[in-house]
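The values are calculated or read from the model by the stated rules, or taken from the named source; none is laboratory data. The structure presented is a predicted model; accordingly, all values stated were derived computationally and were not measured. Cβ sites come from the backbone with ideal geometry, for glycine too, and all protein chains shown count toward neighbours.
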Amino acid sequence: MEKNNTNKYPEAVLAGGCFWCVEADLKKLAGVREVISGYAGGTEDNPTYKNYADKGYIEAVRVFYNPREINYENILDYFLRHIDPTDSGGQFADRGPGYRPVIFYQTKEEKNIAEKIMREFEQSGKFPRPLAVGIMKHTRFFPAEDYHQDYAAKNPMYYGAYRVGSGREGFLRQTWADDICPLPRRQNKNSTIQDKDLKKKLSPLQYEVTQKNGTEPPFNNEYVDNKREGIYVDIVSGEPLFSSLDKYDSGSGWPSFTKPLEPANILERQDKSYGTVRTEVRSRQANSHLGHVFPDGPKPPGLRYCINSAALRFIAREDLEKEDYGQYSKLFDQKK
């Protein structure tokens, strides 16, 4: 915990079935600084993966977040969209009380927020059955064994097969369709960015590109020749999109990348404008138009994300910690 400097951040403790999935989903949320898989809700000491249910514990995650970027209500909203909130007997293929969904509140304010958002979900008419997520006072949390931490990143093939095979992925896609589990926009210190403020926040070119699906001039743009180490974030929301480690000179005149830094922050849409069929790339949180992706990039993976500089903000490697993107510093530390 000290290594990741999470002690300075507030936390949320949530249970939504398999903690591999809940951890992996919440780590994609802008403003979340660390997610720890573990066991919550019991009373005995030192639960393990073999006996946590017998000791009254539930698989849960401990989420540390930056309140300047996201608030507790946003986290709960996102969490509830990544589980089946109507199933009190477990989650998907994982059955039993050790997998039941629970929001563990730590203050009266958190309890009030949890009750409020549960009412809103109940009244939305989205679910055919009553909501069954518990709201419990948080008492103790024990981190799970090391091999459970970052499980999705360490075991992507097995995790992907499990997530689909368990029924979680299918349920989410069926429930939320193309708007699967939308992310709240990244917050600044004062408030969430509103559409009415975009013309004030953005330059005319940035507004035209991100909001009107415009295209900036090739070669004559801010980042086409940028060779500094760092990451590229959405100019509107700040959500991380691309890394300099995946940037290359495609000769197209626009910044080009072989892959996204955070695939979950990228949406793809069919674009039939100008009499051709292309794949448009948009950011998930802000829904900003970014550019297009083409199947003519270096192999593997053979993709070229052709992105407008005007849709991006570059954060240099040395500024990542100061700008609250410190979790990406390790990407460059590991570079050979």
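Quick notes on this structure:
- Out of 223, 305, 248, sole residue that is within 20 Å of residue 203 (Cα to Cα) and in contact (Cβ under 8 Å) with a residue 24 or more places away in the chain: 223
- Number of positions in the stretch 95-137 that are in contact (Cβ under 8 Å) with a residue 60 or more places away in the chain and aliphatic (A, V, I, L, M): 3
- Annotation note: of 247, 212, 137, the sole residue that is under 14 Å from residue 312 (Cα atoms), modelled with pLDDT of 85 or more and of a type in the set (Lys, Arg) is 247.
- Residue within the stretch 172-192 that is on the phi < 0 side of the Ramachandran plot and modelled with pLDDT of 95 or more present: no
- Of residues in the stretch 298-336 being surrounded by 14 or more Cβ atoms within 10 Å (Cβ to Cβ) and within 14 Å of residue 250 (Cβ to Cβ), the one modelled with the lowest pLDDT: 303
- For the stretch 135-157, filtered to residues that are surrounded by 14 or more Cβ atoms within 10 Å (Cβ to Cβ) and among the small types (Gly, Ala, Ser), the residue that is farthest from residue 56 (Cα to Cα) is 152.
- Conditions (1) on the phi < 0 side of the Ramachandran plot; (2) surrounded by 15 or more Cβ atoms within 10 Å (Cβ to Cβ); (3) not in a loop (DSSP other than H, G, I, E, B): number failed by residue 291: (1)
- Of the residues in the stretch 132-151, at least one is within 17 Å of residue 82 (Cα to Cα) and part of a loop (DSSP other than H, G, I, E, B).
- Test for residue 119: is it of a type outside the set (Ser, Thr, Tyr), loosely packed, with under 14 Cβ neighbours inside 10 Å, assigned to a helix (DSSP H, G or I) and at pLDDT 90 or above: yes
- Within the stretch 274-288, the residues that satisfy the criterion of being hydroxyl-bearing (Ser, Thr, Tyr) and either assigned to a strand (DSSP E or B) or without any contact (Cβ under 8 Å) to a residue 60 or more places away in the chain (or both) are 274, 276, 279, 283.
- All conditions in (1) under 30 Å from residue 50 (Cβ atoms); (2) of a type in the set (A, V, I, L, M, F, W, C); (3) touching a Pro at 6+ places or on another chain (Cβ under 8 Å) hold for residue 144, with the sole exception of (3).
- Subset of the stretch 271-324 [hydroxyl-bearing (Ser, Thr, Tyr) and out of contact with any Lys or Arg (no Cβ under 9 Å at 6 or more places or on another chain)]: 273, 274, 276, 283, 309
- Scanning the stretch 222-273 for residues that are assigned to a loop (DSSP other than H, G, I, E, B), basic (Lys, Arg) and over 20 Å from the mean Cα position of the chain (by Cα), we see that the one that is surrounded by the most Cβ atoms within 10 Å (Cβ to Cβ) is 228.
- Filtered by the rule that a residue be in contact with a helix residue (DSSP H, G or I) (Cβ under 7 Å, 6 or more places away or on another chain), among the hydrophobic types (A, V, I, L, M, F, W, C) and part of a loop (DSSP other than H, G, I, E, B), the stretch 301-336 gives a lone residue, 320.
Okay, residues lined up against (1) farther than 19 Å from residue 20 by Cα; (2) hydroxyl-bearing (Ser, Thr, Tyr); (3) not in a loop (DSSP other than H, G, I, E, B):
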| position | (1), (2), (3) |
| --- | --- |
| 55 | yes, no, no |
| 59 | no, no, yes |
| 62 | no, no, yes |
| 70 | yes, no, no |
| 76 | no, no, yes |
| 79 | no, no, yes |
| 82 | no, no, no |
| 87 | no, no, no |
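- Cβ-Cβ contacts under 8 Å between residues 6 or more apart (or on different chains), taken from a first residue in the stretch 255-267 that is over 15 Å from residue 287 (Cα atoms) to a second residue that is hydroxyl-bearing (Ser, Thr, Tyr) and not in a strand (DSSP E or B), are listed as 255/223; 255/309; 256/250; 261/328.
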